[in-house]
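The values are calculated or read from the model by the stated rules, or taken from the named source; none is laboratory data. Not measured: the values here are computed from a predicted model. Here the Cβ positions follow ideal geometry from the backbone for every residue, glycine too, while neighbour counts run over all protein chains shown. Only protein heavy atoms, including side chains, enter the accessible area calculation; ligands, DNA and RNA are left aside. Shrake-Rupley method; radii C 1.70, N 1.55, O 1.52, S 1.80 Å.
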Amino acid sequence: VQGVRRLARAGGPQLGDAAGVVERVLVQLAVDPQQAPAHLDAVAAVGTDLDLPAMLRRIVAAAAQLVDARYAALGVLDESGTELAEFITVGLSDEEVRAIGHLPKGHGILGMLIVDKEPLRLRDLTKHPDSYGFPANHPPMASFLGVPLRVRDEVFGNLYLTDKASGETFTAEDELLVVGLAVAAGVAIENARLHNRVQEAAIVEDRERIARDLHDTVIQRLFATGLSLQGAIRKAEVPEVAERIEAAVEDLDLTVKHIRTAIFGLESSRGRTVNGTRAEVMSLCREAAGPLGF
């Protein structure tokens, strides 16, 4: 705990907020040491994968195991931050998920967490005034614990846990442990996002390098070879040889055109020229080629 305090003082307000949560978790673990192995295992499991979908499922499973919840879910917010774009569940079979039908979009109690962005514990969620009725084929649920999942100051989504198997309701200690897990999960998610951005940047850089090499090296050499062959046509004494050289020049010209199209394709794949003027002109040419006959 003292080490966390020193880290918070050195790291500024953002780290201080996260360190405050971690400190409270450490204090709770000191009061109840039996929780320590499960909590540490949960935190460790979250950070073992850089694949974001796998990471999210690990978070849900770790949270459910940590507080002995029969059901758990992670709702990922859309870009506007007002509705759920994804809903990852643990505790429901594939058949049960299919039978329920449409996944929640973030109304009722789930919507409260999106708006308030604060932890919420309920003894019986069905008795809350903002509770919506469960859809058909939905298993009955009573006790509820919801915790926002933050990535620094941004709320990435919410953890939802229901039906504590070993008790009537989730405790304040359960909430504290899940909040601590959410802090670690937020760091892990940001790390996974950064890893994905680095990979995307590397792919874009490779495409730019390939396009540059094709334009500056390959096309220029083909063009120079074509010019050289055109000069050789005039010196060809046999007509058949001259025709074959001329055909080779035409093939080189066609190859250059294909390479240029490939270069534009590489640039379009970066997402900056997909709807550009050239793409629209090429589309119109393809549409007109048939009716015009050439």
From the protein chains alone at 1.4 Å, what is the descending order of accessible area for 59, 259, 210, largest first? 210, 259, 59
Which cross-chain or sequence-distant (5 or more) residues have an amide H under 5 Å from the amide H of residue 86, H modelled 1.01 Å from N in plane? 76
Going Cα to Cα from residue 117, which lysines come in below 19 Å? Please leave out same-chain ones fewer than 8 positions away. 105
Expressed as a rounded percentage, what relative contact order does the range 152-284 have, with Cα pairs under 8 Å and six or more residues apart? 22
Compute the FRET efficiency between residue 277 and residue 248 as 1/(1 + (r/R0)^6), taking r as their Cβ-Cβ distance and R0 = 41 Å, and round to the nearest 0.05. 0.80
Percent accessible area from carbon and sulfur atoms, the range 168-294, protein chains only, probe 1.4 Å: 57
Full extension between residue 215 and residue 95 adds, at 0.36 nm per residue less the Cα distance, a length in nm of 37.8 nm
Length gained if residue 168 through residue 261 is fully extended, taking 0.36 nm per residue and subtracting the Cα-Cα distance, is 26.9 nm
Below 19 Å, Cα to Cα, which lysines can residue 164 reach? Residues fewer than 8 away in the same chain don't count. 127
